[in-house]
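Student: Take a look at this one; I'll ask things after.
The values are calculated or read from the model by the stated rules, or taken from the named source; none is laboratory data. A quick note: this is a predicted structure, and the numbers were derived from the prediction, not measured. Here the Cβ positions follow ideal geometry from the backbone for every residue, glycine too, while neighbour counts run over all protein chains shown. Ligands, DNA and RNA are stripped out before the accessible areas are found, and what is left, the full protein with its side chains, is counted by its heavy atoms. Shrake-Rupley method; radii C 1.70, N 1.55, O 1.52, S 1.80 Å.
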Amino acid sequence: MKQRDTHGSAVATRARVRADLADVLAALRDPASVDAFLDDLCTPAEIEALADRWSVVPLLAEGMSYRQIHEVTGVSVTTVGRIARCVEGGAGGYRAALEHRRAQPASAPPA
């Protein structure tokens with residue numbers, strides 16, 4: 001990750017841009033639009049990393065062990081542990097996403 005200065009105006013600008021990004025993501029209602037936005041916003045490796053991390057969350061919620069999750073997903077045990085710490089004590093994003101996922105009807109994977 002690139003180094004950035006931590007001067008007040010730069011920090012405030014980054015906070016505004018991050019808030020705008022969150023607002024745009026929240027406004028995109030259909031999964032195809034979100035997927036297209038991610039394709040434009042992220043590199044394939046970044047999307048893969050995001051998808052890998054997300055694949056761990058439901059398995060943790062099911063109570064699967066870190067080692068089993070590693071075997072199923074290929075995500076390192078260290079990363080699984082980091083994700084587990086965020087699920088338990090992070091900003092609440094993983095928990096909110098899990099609740100949203102549970103409330104949604106199951107959909108077929110893209111073709």
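Student: Of the conditions (1) within 17 Å of the chain's Cα centre (by Cα); (2) open to solvent by 90 Å² or more (accessible area, probe 1.4 Å), residue 59 satisfies every one except a single condition; which number is it?
Tutor: (2)
Student: Hey, any hits in segment 62-79 for a residue that's farther than 30 Å from residue 20 by Cα and in contact with a Phe, Trp or Tyr (Cβ under 8 Å, 6 or more places away or on another chain)?
Tutor: yes
Student: Here's a follow-up. So the check is Cβ under 7 Å with 6+ separation or different chains; which pairs have a first residue in segment 1-26 that's over 17 Å from residue 91 (Cα atoms) and hydrophobic (A, V, I, L, M, F, W, C) and a second one that's open to solvent by 100 Å² or more (accessible area, probe 1.4 Å) and modelled with pLDDT under 95?
Tutor: 10/4
Student: Let me ask something else about it. Looking at residue 78 and the list (1) under 21 Å from residue 95 (Cβ atoms); (2) free of Cβ contacts under 8 Å to residues at least 12 places away in the same chain; (3) hydroxyl-bearing (Ser, Thr, Tyr), which single condition is not satisfied?
Tutor: (1)
Student: Which condition number does residue 48 fail, the rest of (1) more than 14 Å from the chain's Cα centre (by Cα); (2) open to solvent by 100 Å² or more (accessible area, probe 1.4 Å); (3) modelled with pLDDT of 95 or more being met?
Tutor: Against the list (1) more than 14 Å from the chain's Cα centre (by Cα); (2) open to solvent by 100 Å² or more (accessible area, probe 1.4 Å); (3) modelled with pLDDT of 95 or more, residue 48 comes up short only on (1).
Student: Could you grab me the full set of residues in segment 15-44 that are more than 14 Å from the chain's Cα centre (by Cα) and of a type in the set (Val, Ile, Thr)?
Tutor: Selection gives 17, 24, 43.
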